[in-house]
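**Student:** Encoded as structure tokens, here's the structure I'll be asking about.
The values are calculated or read from the model by the stated rules, or taken from the named source; none is laboratory data. Model, not experiment: these values are computed from the prediction. Don't worry about glycine lacking a Cβ; one is built from the backbone with ideal geometry, like all the others, and counts go over all protein chains shown.
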């Protein structure tokens, strides 16, 4: 069974540009969460999607957005990039949503560098 | 809002000794507490978890304890080995109207010295 796949793995952008990251969850997983990882802040929750609906959102500005498709694949978008957006963006999928304490399976991440 | 504090940020122990990492959480509604291990350049992976109706759980050299009253939980690694060197993250989960939000601590970089 394939794991969580994230693309692209590495990318470099300049300030003001926008970026779209993609995540394909493990087959059968309907919950997809996104996290931003930086050395000083650890893993910061961005948002969670389940059955194409955003169910929860972290404390990030509106420049950060996402969506989920009917096949559970998810994308996140960051517009008007700032230097501080440089980070590793991790996607995680879970078999169960809602009240179940499903284990999160992480992808390898997309490392974004903003110049 | 929800917050998880993790200490220490770095920890260095001699091979064979024990390591303890502690976390506190602010949201009393949290009911699930996993621990993730992230080796250098790799993805975080679940190593152990505990639910709020259990006070302690053990898996070979790894154990987790939970004190709901004090809102803190700890990871204990005994007989440490070089392959235990990694960054460890604690997390707390609260279910909000069917949604799930896992809040992570800041991480602990554990180094095992041979």
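A quick yes/no check of all residues on (1) modelled with pLDDT under 95; (2) touching a helix residue (DSSP H, G or I) at 6+ places or on another chain (Cβ under 7 Å); (3) surrounded by fewer than 18 Cβ atoms within 10 Å (Cβ to Cβ):
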{"residue": "B:73", "(1), (2), (3)": "no, no, no"}
{"residue": "B:76", "(1), (2), (3)": "no, no, yes"}
{"residue": "B:93", "(1), (2), (3)": "yes, no, no"}
{"residue": "B:102", "(1), (2), (3)": "yes, no, no"}
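**Student:** Further, regarding this structure: Determine which single condition residue B:40 fails, assuming it passes every other condition in (1) modelled with pLDDT under 95; (2) under 17 Å from residue B:112 (Cα atoms); (3) in a strand (DSSP E or B).
**Tutor:** Here residue B:40 clears every test but (3).
**Student:** Pick from A:103, A:108: which is over 15 Å from residue A:9 (Cβ atoms), part of a loop (DSSP other than H, G, I, E, B) and facing chain B (nearest Cβ under 10 Å)?
**Tutor:** A:103
**Student:** Also: Kindly provide the set of residues from region A:59-69 that are within 17 Å of residue A:93 (Cβ to Cβ) and under 12 Å from the mean Cα position of the chain (by Cα), ordered by number.
**Tutor:** Step one: filter region A:59-69 for residues within 17 Å of residue A:93 (Cβ to Cβ), giving A:66-69.
Across region A:59-69, the qualifying residues are A:66, A:67, A:68.
**Student:** Suppose we filter A:52, A:82 for residues that are on the phi > 0 side of the Ramachandran plot and surrounded by fewer than 16 Cβ atoms within 10 Å (Cβ to Cβ); which single one remains?
**Tutor:** A:52
**Student:** If a residue must be outside any loop (DSSP other than H, G, I, E, B) and more than 8 Å from chain B (Cβ to nearest Cβ), how many such residues does region A:20-43 contain?
**Tutor:** Selection size over region A:20-43: 10.
**Student:** Also, I was wondering about something else. Would you check if there is a residue in region A:80-87 being more than 13 Å from the chain's Cα centre (by Cα) and either assigned to a strand (DSSP E or B) or within 11 Å of chain B (Cβ to nearest Cβ) (or both)?
**Tutor:** no
**Student:** Output yes when any residue across region A:56-64 is crowded, with 21+ Cβ neighbours inside 10 Å and outside any helix (DSSP H, G or I), and no when none is.
**Tutor:** We begin by selecting, within region A:56-64, every residue crowded, with 21+ Cβ neighbours inside 10 Å; these are none.
No; the residues of region A:56-64 include none that is crowded, with 21+ Cβ neighbours inside 10 Å and outside any helix (DSSP H, G or I).
**Student:** Based on this model, can you work out whether residue B:53 counts as touching a residue at least 60 places away in the same chain (Cβ under 8 Å) and exposed (fewer than 13 other Cβ atoms within 10 Å of the Cβ)?
**Tutor:** So residue B:53 does not fit the description; no.
**Student:** Next up: Looking at (1) more than 14 Å from every other protein chain (Cβ to nearest Cβ); (2) part of a strand (DSSP E or B), find the lone condition where residue B:16 falls short.
**Tutor:** (2)
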